[in-house]
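K.L.:
Handing you this structure, nothing more for now.
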Amino acid sequence: MINLALWVRLEAKPGKEAEVEKFLQGGLTAVENEPDTISWYALRLGPTTFGIFDTFHDETGRNAHLSGAVAKALMEKASELLSKPPSIEKIDVLAAKLPEMSQY
């Protein structure tokens, strides 16, 4: 069961929106190598606002993700791409529905 999640809100610096989008799209490859990250979504919420939502079975998986390649790269690029530090919220998942992977 999915028990935990992260919600990360990112605000791009003016003129850096395309770079933030490209960075997020590139993060998928790194996250695919994280077996304890159950689902990962890179989102665009508005012209300069982006987000990441990901889910985990347990705290071990969530902590592994927080110290993984995408998190490290994000922190390295934050001052260059973002107008303020990322807002990272730890979330408890109360209920979830995921598709059967055989359907895709």
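The values are calculated or read from the model by the stated rules, or taken from the named source; none is laboratory data. Note that this is a predicted model, so its numbers are computed, not measured. Neighbour counts are summed over all protein chains in view; Cβ atoms, including those assigned to glycine, are modelled from backbone coordinates with ideal geometry. Remember, those area values only see protein heavy atoms, side chains included, never the ligands or the DNA or RNA. Shrake-Rupley method; radii C 1.70, N 1.55, O 1.52, S 1.80 Å.
K.L.:
Within the set of pairs 6 or more residues apart or between chains, which connect a residue that is under 18 Å from T37 (Cα atoms) and open to solvent by less than 60 Å² (accessible area, probe 1.4 Å) inside the range 2-16 to a residue that is among the polar types (S, T, N, Q) and modelled with pLDDT of 95 or more with Cβ atoms less than 6 Å apart?
P.N.:
Correct list of pairs: I2/T55; A5/T55.
K.L.:
May I pose another question? Just for the range 70-104: of the residues that are without any contact (Cβ under 8 Å) to a residue 40 or more places away in the chain and touching a helix residue (DSSP H, G or I) at 6+ places or on another chain (Cβ under 8 Å), which one is least open to solvent (accessible area, probe 1.4 Å)?
P.N.:
Only one residue tops the list, namely A71.
K.L.:
Here's a follow-up. Please work out if E19 is acidic (D, E), in contact (Cβ under 8 Å) with a residue 12 or more places away in the chain and open to solvent by less than 70 Å² (accessible area, probe 1.4 Å).
P.N.:
For E19, the condition - acidic (D, E), in contact (Cβ under 8 Å) with a residue 12 or more places away in the chain and open to solvent by less than 70 Å² (accessible area, probe 1.4 Å) - is not met.
K.L.:
If a residue counts only when it is aromatic (F, W, Y), which strands (runs of 3 or more DSSP E) contained entirely in the range 1-75 have at least 2 such residues?
P.N.:
37-44, 49-56
K.L.:
Conditions first: (1) hydrophobic (A, V, I, L, M, F, W, C); (2) in contact with a Leu (Cβ under 7 Å, 6 or more places away or on another chain); (3) over 18 Å from R9 (Cα atoms). I38 passes all but one, so which condition is the exception?
P.N.:
Exception for I38: condition (2).
K.L.:
Quick one: how many residues across the range 44-65 are under 14 Å from P86 (Cβ atoms) and open to solvent by 60 Å² or more (accessible area, probe 1.4 Å)?
P.N.:
Residues in the range 44-65 being under 14 Å from P86 (Cβ atoms) and open to solvent by 60 Å² or more (accessible area, probe 1.4 Å): 2 in total.
K.L.:
Let me ask another. Residues T29, T48: which one is β-branched (V, I, T) and in contact with an Asp or Glu (Cβ under 7 Å, 6 or more places away or on another chain)?
P.N.:
Numbers: T29 fails: in contact with an Asp or Glu (Cβ under 7 Å, 6 or more places away or on another chain).
Result of the check over T29, T48: T48.
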